[in-house]
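Student: Input: one structure, supplied below.
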Amino acid sequence: MLEGNIHSIETFGTVDGPGTRYVIFFKGCPMRCAYCHNPDTWDPRGGQKKTAKELLDDFERYRPFMEKGGITATGGEPLLQIDFLTELFEEAKKRDIHTCLDTSGIMFNRKNPELLKKYERLLKVTDLIMLDIKHIDPEEHKKLTQQPLDNILDFARYANEQGNLIRIRHVIVPDITYKPEYLKKIGYFMAELVNVKQLEVLPYHDMGKEKYKKMGIDYPLKDTKPLSNKEAAEAQKIILDAMKERRIELNKQHLI
């Protein structure tokens, strides 16, 4: 049985998928998002070694409180440990546990046949994908995350092709992603994905500042003010309106 490198566990998560969740934070992430509030998960080293059985046996202790919930793999980036992640989700499905993958999709590569088989196997046992789209503009995405955008959008397309239920997550950051042209582009992209059933727009916050300070890391957005819930709601409306508009166009062209 494989071992996963786990940063931490949250036993009563309420914002990481439907219902109350057992949230597993994986170690390691290649993204360096300027607003990341979990920089302590970046390094793939360290952490606790856990088997799927150990994690799921621990989940069972809380199961009576999680009837409408399940487990969520987050991080860090869970897809860095795809073999262990797949084993975890396969074992969870044997126990009739709802599985949710919170990912940036950055590790996806359709051109690698061996890797593609691994993704096909994983997605068969994944009930919900919460896909974080950090920025919709390729150049701005690289500035914000230090990673390219192409594979992320292609992962969304692939998951859609596989029939997986997808929830898009997007953080709205003043002067970075909080611009109508970018918000509309996200809506247009979402319109192509028939299995996108939900959008979660999150207002930028700076609660990670103290963690950066303790770790001796410079916080890149120290001069950026948090966004209000009202502004986030307005941004969400722009995205959804653009998505609806684009879906009408695609339907007329019989493209979806």
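The values are calculated or read from the model by the stated rules, or taken from the named source; none is laboratory data. None of the values given here were measured: they were computed from a predicted structure. For neighbour counting, all protein chains shown are included, and Cβ atoms are generated from backbone atoms with ideal geometry for every residue, glycine included.
Student: For residue 145, only one of the following conditions fails: (1) touching a helix residue (DSSP H, G or I) at 6+ places or on another chain (Cβ under 6 Å); (2) surrounded by 21 or more Cβ atoms within 10 Å (Cβ to Cβ). What is its number?
Tutor: It fails just one condition, (1).
Student: Let me ask something else. Output the number of the condition that residue 145 fails; it satisfies all remaining conditions of (1) over 16 Å from residue 234 (Cα atoms); (2) in contact with a strand residue (DSSP E or B) (Cβ under 9 Å, 6 or more places away or on another chain); (3) touching a residue at least 60 places away in the same chain (Cβ under 8 Å).
Tutor: Result: residue 145 passes all but (2).
Student: If you check 250, 240, 193, 227, which single one turns out to be more than 17 Å from the chain's Cα centre (by Cα), among the aliphatic types (A, V, I, L, M), assigned to a loop (DSSP other than H, G, I, E, B) and surrounded by 14 or more Cβ atoms within 10 Å (Cβ to Cβ)?
Tutor: Details: 250 fails: assigned to a loop (DSSP other than H, G, I, E, B); 240 fails: assigned to a loop (DSSP other than H, G, I, E, B); 193 fails: more than 17 Å from the chain's Cα centre (by Cα).
Going through 250, 240, 193, 227 in turn, just one is more than 17 Å from the chain's Cα centre (by Cα), among the aliphatic types (A, V, I, L, M), assigned to a loop (DSSP other than H, G, I, E, B) and surrounded by 14 or more Cβ atoms within 10 Å (Cβ to Cβ): 227.
Student: Give just the number: which of (1) buried (at least 22 other Cβ atoms within 10 Å of the Cβ); (2) closer than 21 Å to residue 197 by Cβ does residue 93 not satisfy?
Tutor: That leaves (1) as the condition not met.
Student: Could I ask something else about it? Which ones in segment 8-44 are surrounded by fewer than 22 Cβ atoms within 10 Å (Cβ to Cβ), touching a residue at least 60 places away in the same chain (Cβ under 8 Å) and not in a loop (DSSP other than H, G, I, E, B)?
Tutor: 39, 40
Student: Scanning for something more than 17 Å from residue 140 (Cβ to Cβ), touching a residue at least 12 places away in the same chain (Cβ under 8 Å) and buried (at least 19 other Cβ atoms within 10 Å of the Cβ), does segment 175-190 turn up at least one residue?
Tutor: yes
Student: Step by step: first the residues of segment 202-219, then only those that are outside any helix (DSSP H, G or I) and modelled with pLDDT under 85, then the one that is surrounded by the fewest Cβ atoms within 10 Å (Cβ to Cβ). Which residue is that?
Tutor: Step one: filter segment 202-219 for residues outside any helix (DSSP H, G or I), giving 202-208, 216-219.
Of the ones still in play, those that are also modelled with pLDDT under 85 are 206-208.
Working: 206: 16, 207: 8, 208: 18.
The residue in question is 207.
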